[in-house]
Every structure is written in structure tokens, then in C-alpha cells.
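S.K.: One structure coming up, written as C-alpha cells, with questions to follow.
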Amino acid sequence: MRSDITFVFGPTQCVTVSVTVDISDASVHEARRWMDTTWEDMGCEPVRPSGKVLVLDKILGVTEAYGFTALSEDAAIANDLAEKIAMLLGKTSITVDMPGLRVGY
């Protein structure tokens, strides 16, 4: 499946990455494991007062931890994150909106 992921950090700070991924139980499981591990390794914090962390929260946290500079200057990082997001959400067009703190598709 082809998926276009746009990371929005501000009005003039956007990065769009197009990836082709295999959506299978194994790839989704691997993407979830990667996101969980990366979330922890980068020291991301829950955004909800309850401490409950949803997959969309992890996507926002990891995207914020990488930041605009890493995603715009390092294609390997941007592609890796975009692939994992595409596998997790299974959508053809995804927007990670950091100012709005939302993931849309």
C-alpha cells in the first residue's frame, strides 16, 4: 500500500514522505513494537492526565521527539517513522499535526 504522511510543525515547516508498505499482521505487530520501544527510548511522556497512552499519542510523541530538523534533513529517519505510521494506521493519506496535537487521515 502506498501512503503519504505529512508532518506539520508550523505554517512553513512541513515534511511529506511517501512510502510503500506491506500491511500484514506481522508488519503491524513490528510497527507497534517499534513505536513502543522508540517512545520509551526517546523519553516521551503521556499527554493525558490519566497516564493512558494511545497509539496516536505515541505517534505525536515520537514525531515531536524527532522534530522538524531531523525529519526534514535525515531521509532515513523520516522514512522509517512514516513507514511505521503507515503500517499502524493503514491509511493512504495521514497528517501528523504537531501544533494541533492530532493525527488525521
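S.K.: Does Ser18 count as in contact with a strand residue (DSSP E or B) (Cβ under 7 Å, 6 or more places away or on another chain), surrounded by 13 or more Cβ atoms within 10 Å (Cβ to Cβ), more than 17 Å from Arg102 (Cβ to Cβ) and of a type in the set (Gly, Ala, Ser)?
M.R.: When the stated conditions are applied, Ser18 does not pass them.
S.K.: Follow-up question, since we're still on this one. Just to be sure I understand the filter: pairs with C-beta atoms under 9 Å, separated by 6 or more residues or on different chains, first member in region 28-46 and small (Gly, Ala, Ser), second member modelled with pLDDT of 95 or more. Which pairs pass?
M.R.: Ala31/Val21; Ala31/Glu83; Ala31/Lys84; Ala31/Ile85; Ala31/Ala86; Ala31/Met87; Ala31/Leu88; Gly43/Ala65
S.K.: Please list, ordered by first then second residue, the pairs with beta carbon atoms under 6 Å, 6 or more apart or interchain, first in region 92-105 and under 17 Å from Val62 (Cβ atoms), second exposed (fewer than 13 other Cβ atoms within 10 Å of the Cβ) and of a type outside the set (Phe, Trp, Tyr).
M.R.: Between residues of region 92-105 that are under 17 Å from Val62 (Cβ atoms) and residues that are exposed (fewer than 13 other Cβ atoms within 10 Å of the Cβ) and of a type outside the set (Phe, Trp, Tyr), there is no close pair.
S.K.: Taking the conditions exactly as written (at pLDDT below 95, touching a Leu at 6+ places or on another chain (Cβ under 9 Å) and surrounded by fewer than 17 Cβ atoms within 10 Å (Cβ to Cβ)), does Leu54 satisfy them or not?
M.R.: Criteria not met by Leu54.
S.K.: Sort through Ser18, Ser72 and tell me the only one that's in a helix (DSSP H, G or I) and closer than 22 Å to Ser93 by Cβ.
M.R.: Ser72
S.K.: Do the conditions hold for Val62, that is, is it over 13 Å from Thr16 (Cα atoms), not in a helix (DSSP H, G or I) and not basic (Lys, Arg)?
M.R.: no
Residue-by-condition table, conditions (1) closer than 22 Å to Arg2 by Cβ; (2) in contact with a helix residue (DSSP H, G or I) (Cβ under 6 Å, 6 or more places away or on another chain); (3) buried (at least 16 other Cβ atoms within 10 Å of the Cβ); (4) β-branched (Val, Ile, Thr):
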residue	(1), (2), (3), (4)
His29	yes, no, no, no
Arg33	no, no, no, no
Asp36	no, no, no, no
Pro49	no, no, no, no
Ala86	yes, no, yes, no
Thr95	yes, no, yes, yes
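S.K.: Could you give me the residue pairs with C-beta distances under 7 Å whose first residue belongs to region 1-19 and is closer than 15 Å to Thr69 by Cβ and without any contact (Cβ under 8 Å) to a residue 24 or more places away in the chain, whose second residue is of a type in the set (A, V, I, L, M) and part of a strand (DSSP E or B) wherever it lies, and which are 6+ apart or on separate chains?
M.R.: Cys14/Val8
The values are calculated or read from the model by the stated rules, or taken from the named source; none is laboratory data. Since the model is a prediction, treat every value here as computed from it, not as a measurement. Heads up, the Cβs are rebuilt from the backbone with ideal geometry, glycines too, and the neighbour counts pull from every protein chain shown.
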